[in-house]
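Comments concern the structure below.
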Ligand code: MBD
Ligand code: FE
């Protein structure tokens with residue numbers, strides 16, 4: 001609190017903040033609160049467009065992981081939902097797909113198979129040196145869970161869209177004895193964050209755009225390891241260098257490969273996650 005108060009007062013003095021300006025700020029914050037519901041968190045979105053969630057995420061990751069090399073984190077964002085369905089590896093998170101959907105053709109064209117492994121940053125060999133692949137020395141984690149979610153081709157998460165089935169494009173998978181997971185989903189699309197509230201108005205005032213590059217969210221959890229909250233980003237996306245919420249990191253940018261011989265998916269992606277060990281317990 002002393003630090004917060006010092007910076008708050010310094011801000012007011014530095015900008016010669018007037019009563020009218022302070023009142024506008026109070027109303028702005030109130031409006032964010034009034035707009036928030038269980039399905040929309042405008043205050044978190046405001047923090048996102050200000051880069052605060054991303055900064056706090058970086059600070060937290062550095063404090064927790066120390067200097068072991070792990071998959072970088074990225075912000076949770078306001079659209080995570082608990083309780084996504086537990087699915088077997090190889091299942092699809094696309095629900096209720098039917099030709100009557102306005103985005104059916106797009107969903108077929110964007111059908112994607114994602115697979116990979118979850119590893120511990122702990123070395124599997126005693127010396128842990130001299131490996132070609134960054135993961136050959138790492139210990140695969142069986143029984144790790146992967147919670148995944150992304151938007152539909154119309155750019156909306158299921159809770160934003162009354163036309164999508166409950167829990168569409170969300171699922172939880174568990175790695176097998178070798179740390180493998182796999183599932184079908186869609187190649188995500190770029191989309192504008194909800195900009196019909198105060199956070200969007202602020203973006204407009206700053207001459208900024210509301211777009212996020214196409215991304216897929218993940219929470220990866222394994223016993224004895226730090227939980228990883230992250231996102232992967234499509235390298236070919238036009239917004240990849242201009243994310244409105246500042247979440248893109250180089251190691252999280254991926255290339256989807258075209259996939260042949262699988263009528264369920266036009267695109268494929270292999271992606272591994274490396275988790276930090278939970279020290280001292
Ligand atoms: C999103 O979809 C998102 O992932 C974040 C971090 C912020 C706003 C919208
Ligand atoms: Fe998102």
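Let's see how each residue does on (1) touching a helix residue (DSSP H, G or I) at 6+ places or on another chain (Cβ under 9 Å); (2) in a strand (DSSP E or B); (3) within 16 Å of ligand 1 (Cβ to nearest atom); (4) touching a residue at least 60 places away in the same chain (Cβ under 8 Å):
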position: 71; (1), (2), (3), (4): yes, no, no, yes
position: 76; (1), (2), (3), (4): yes, no, yes, yes
position: 79; (1), (2), (3), (4): yes, no, yes, yes
position: 89; (1), (2), (3), (4): no, no, no, yes
position: 96; (1), (2), (3), (4): no, no, no, yes
position: 108; (1), (2), (3), (4): no, no, no, yes
position: 113; (1), (2), (3), (4): no, yes, no, yes
Review point. Of all residues in the stretch 66-81, which are surrounded by fewer than 17 Cβ atoms within 10 Å (Cβ to Cβ) and more than 16 Å from ligand 2 (Cβ to nearest atom)?
Key: 66, 67, 68, 69
Point to revise | Filter result for residue 17 (surrounded by 11 or more Cβ atoms within 10 Å (Cβ to Cβ), without any contact (Cβ under 8 Å) to a residue 60 or more places away in the chain and part of a loop (DSSP other than H, G, I, E, B)) | key: yes
Exercise for review: Restrict the check to the stretch 38-48 and report whether at least one residue is away from ligand 1 (no atom under 11 Å from the Cβ), exposed (fewer than 13 other Cβ atoms within 10 Å of the Cβ) and either under 26 Å from residue 157 (Cβ atoms) or in contact (Cβ under 8 Å) with a residue 40 or more places away in the chain (or both).
Suggested key: yes
**Study point:** Hey, residue 189 assigned to a loop (DSSP other than H, G, I, E, B) and within 12 Å of ligand 2 (Cβ to nearest atom) or not
**Key:** yes
Revision key, fill the gap. Selection over the stretch 86-100 where residues are surrounded by fewer than 20 Cβ atoms within 10 Å (Cβ to Cβ) and either more than 23 Å from residue 268 (Cβ to Cβ) or within 16 Å of ligand 2 (Cβ to nearest atom) (or both) yields a count of 5
Exercise for review: Specify the residue that is nearest to residue 218 (Cα to Cα); the eligible residues are those in the stretch 248-263 that are in contact (Cβ under 8 Å) with a residue 24 or more places away in the chain and touching a strand residue (DSSP E or B) at 6+ places or on another chain (Cβ under 6 Å).
Suggested key: 252
Check your understanding: When you go through 171, 200 one by one, which is the residue that is out of contact with any helix residue (DSSP H, G or I) (no Cβ under 9 Å at 6 or more places or on another chain) and within 16 Å of ligand 2 (Cβ to nearest atom)?
Key -> 171
**Study point:** Any strands (runs of 3 or more DSSP E) falling wholly within the stretch 212-272 and containing at least 1 residues that are closer than 22 Å to residue 61 by Cα and within 16 Å of ligand 1 (Cβ to nearest atom)
**Key:** 215-221, 228-234
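Per-residue answers, yes or no, for (1) without any contact (Cβ under 8 Å) to a residue 12 or more places away in the chain; (2) out of contact with any helix residue (DSSP H, G or I) (no Cβ under 8 Å at 6 or more places or on another chain):
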residue: 154; (1), (2): no, yes
residue: 160; (1), (2): no, yes
residue: 181; (1), (2): no, yes
residue: 186; (1), (2): no, no
residue: 196; (1), (2): yes, yes
residue: 213; (1), (2): no, yes
residue: 225; (1), (2): no, yes
residue: 228; (1), (2): no, yes
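Bear in mind these aren't lab numbers, they're just calculated from the coordinates by the rules spelled out. Keep in mind that what you see is a predicted model, and the values were worked out from it rather than measured. Methodologically, a virtual Cβ is constructed for each residue, glycine included, from the backbone with ideal geometry; neighbour enumeration extends over all protein chains shown.
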